[in-house]
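Taking it in order: structure first as C-alpha cells, then the write-up.
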Amino acid sequence: MAIPPQIRAQAAAAQFLFWLPRPVRRLIAGAPLRLDGQELALDAQLLLKLQKLGGASLVNGSVEQSRALLEASQHLVNGKRIEPVATRDVAIPSGEASLDATLYTPAGLPEPSPLLVFFHGGGWVIGSRATHDNAARYLAKHAGVRVLSVEYRLAPESPFPGPVEDALAAFDYAHAKAADLGADPDRIAVGGDSAGGNLSAVVALEATRRGGPAPAFQLLIYPAVDFTTRRRSREIFGEDLFLTDEAMVWFEGHYAPEGVDKADPRMSPLLASDHSGLPPAYIVTAGFDPLRDEGEAYAEKLRSAGVPVALSRQADLIHGFLNFAGVGSRFREAIAEMAGALRVGLAKRS
C-alpha cells in the first residue's frame, strides 16, 4: 500500500528530530521525567512529545477511526521495511471460516527452522498484520526464525472468546502444517505484544492443559494477563504515557462486554489454578507502562510453578515500543534483546 505524501513528510520530520544532537532533543522533550524510581528514556519522552504536539492518541473516536489512525501512524515510527525477508500469504482454517496470515522467512534460513506464531497487539480491537509488519520482519531476521503473523478476528465484531479460538487454531495449524511452513514442529513458539501477549499466554496455557502439541516457548511482550485487578502501575502510569487508563477501559469494553467472566483463565491467564508444565517464557515489561505490574506478577506466578522464566523490565520505556524501531536507538536495543531471547529459546538442543 502506498504511503500518503503527508505521512511520508511527517515520518521524515520525525527521523530528523531523532537524529538531532542529544542536548537539542532534550530541549525539545523537556526536563527528564522520573516516576517510581525510574527515569524515562529520552527517545521515549521525545516520541511522547511529538505525539502530544500532533494531537494523536492510541484511541481516537470510533472503532473504525481508531483502526485507521493506527494503520496510518505506523509509518511514522516503524522505520524502513526490514529486508531481506520473504513473505507469503497463508490461510488458516478456524471454525467455519479461515484466517489470513503472513509467513515471514529471512533470507538464507534453512528448513526446518524454528517458527514463531505471532499475534499482534492493539487491545483486541485495533491493529493488524500490517501495523506489525516490521516487528515481524525484525524478529524473523534477527532471531533467525520463521514468523507466522496471524490476522485473528477483532472485537467488537468478535469479542471474547473469538480471538482466543483463532489463536489456538493458528497454533494448531502451525504444528500440523509445520513441514509446509518450513518449520520444525518441536520448535514452535507463540508470542505477541500487549493483547497479543495475552493471546500467546492463553494459547500456551490451553494447549498445555489439553495435552498434545504445545508451544516450545512463550515470547510475552508487555502482556495483559489479569482483567480483575487494578495494580499500582496502572494508577501511576495511566495518563500521558501512550497507553492510557481511558484507552484500556475502551478496549476492555469492546473485548469483554457485560456478562463476560473476566476471571476466566482464557481472558486472565494469571488466574489459572495451575501453571505447572508451561513452556519456558521470556516476559518483557516496560517501566512506564500501566501493564507493568501484572506482567511481572505473571512471571512470578510461572516461576513459582517451576516454569523457566526470564523477566526483563525495560525500566525507561513505554508500552508499545516493539513498534518504535524506526525512531530512537533505545527502542531498537530493547527489541534486539527480545530477538536474542527468542533465538536462544528456540535453539536446537543436542
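Exactly one condition in (1) within 15 Å of A204 (Cα to Cα); (2) open to solvent by 50 Å² or more (accessible area, probe 1.4 Å); (3) β-branched (V, I, T) is not met by V307; state its number.
Among (1) within 15 Å of A204 (Cα to Cα); (2) open to solvent by 50 Å² or more (accessible area, probe 1.4 Å); (3) β-branched (V, I, T), V307 violates only (2).
Only residues that are over 21 Å from E333 (Cβ atoms), outside any helix (DSSP H, G or I) and either touching a residue at least 60 places away in the same chain (Cβ under 8 Å) or of a type in the set (D, E, K, R) (or both): list them for the stretch 42-82, please.
S57, L58, V59
What pairs come out if I take residues in the stretch 136-159 that are over 17 Å from Q218 (Cα atoms) and pair them with residues that are among the aromatic types (F, W, Y) and open to solvent by 10 Å² or more (accessible area, probe 1.4 Å) whose C-beta lies under 7 Å away, six or more apart or interchain?
Matching pairs, first to second residue: L154/W124; A155/W124.
Just for the stretch 148-172: of the residues that are assigned to a loop (DSSP other than H, G, I, E, B) and of a type in the set (A, V, I, L, M), which one is farthest from P114 (Cα to Cα)?
A155
Working only within the stretch 270-296, note down all residues that are touching a residue at least 60 places away in the same chain (Cβ under 8 Å) and under 19 Å from D245 (Cα atoms).
Within the stretch 270-296, T285, A286, G287, F288, D289, L291, R292, D293, E294, G295 meet the criteria.
Of A201, A195, A247, which residue is touching a residue at least 60 places away in the same chain (Cβ under 8 Å), hydrophobic (A, V, I, L, M, F, W, C) and closer than 26 Å to P112 by Cβ?
The conditions single out A201.
Which members of the stretch 98-127 meet the condition of being within 16 Å of D193 (Cβ to Cβ) and open to solvent by 20 Å² or more (accessible area, probe 1.4 Å)?
Passing the criteria: none in range.
Kindly indicate the residue of the stretch 186-201 that is assigned to a helix (DSSP H, G or I) and of a type in the set (S, T, N, Q) and also surrounded by the most Cβ atoms within 10 Å (Cβ to Cβ) among those meeting that condition.
N198
How about the stretch 86-111: which of its residues are assigned to a strand (DSSP E or B) and without any contact (Cβ under 8 Å) to a residue 12 or more places away in the chain?
A91, A97, S98
Mind listing whichever residues of the stretch 128-147 are surrounded by fewer than 24 Cβ atoms within 10 Å (Cβ to Cβ), not in a helix (DSSP H, G or I) and not charged (D, E, K, R)?
Within the stretch 128-147, S128, A130, T131, G144 meet the criteria.
Take the stretch 250-263 and flag every residue that is of a type in the set (D, E) and either in contact with a Pro (Cβ under 8 Å, 6 or more places away or on another chain) or touching a residue at least 12 places away in the same chain (Cβ under 8 Å) (or both).
E252
So, R209, is that one open to solvent by less than 20 Å² (accessible area, probe 1.4 Å) and basic (K, R) or not?
No.
The values are calculated or read from the model by the stated rules, or taken from the named source; none is laboratory data. Quantities reported herein were computed from a predicted structural model and do not represent experimental measurements. When we count neighbours, we look across all protein chains shown, and the Cβ atoms used for this are built from the backbone with ideal geometry, even at glycine. Just the protein is used for accessible areas: all its heavy atoms, side chains included, with ligands, DNA and RNA removed. Shrake-Rupley method; radii C 1.70, N 1.55, O 1.52, S 1.80 Å.
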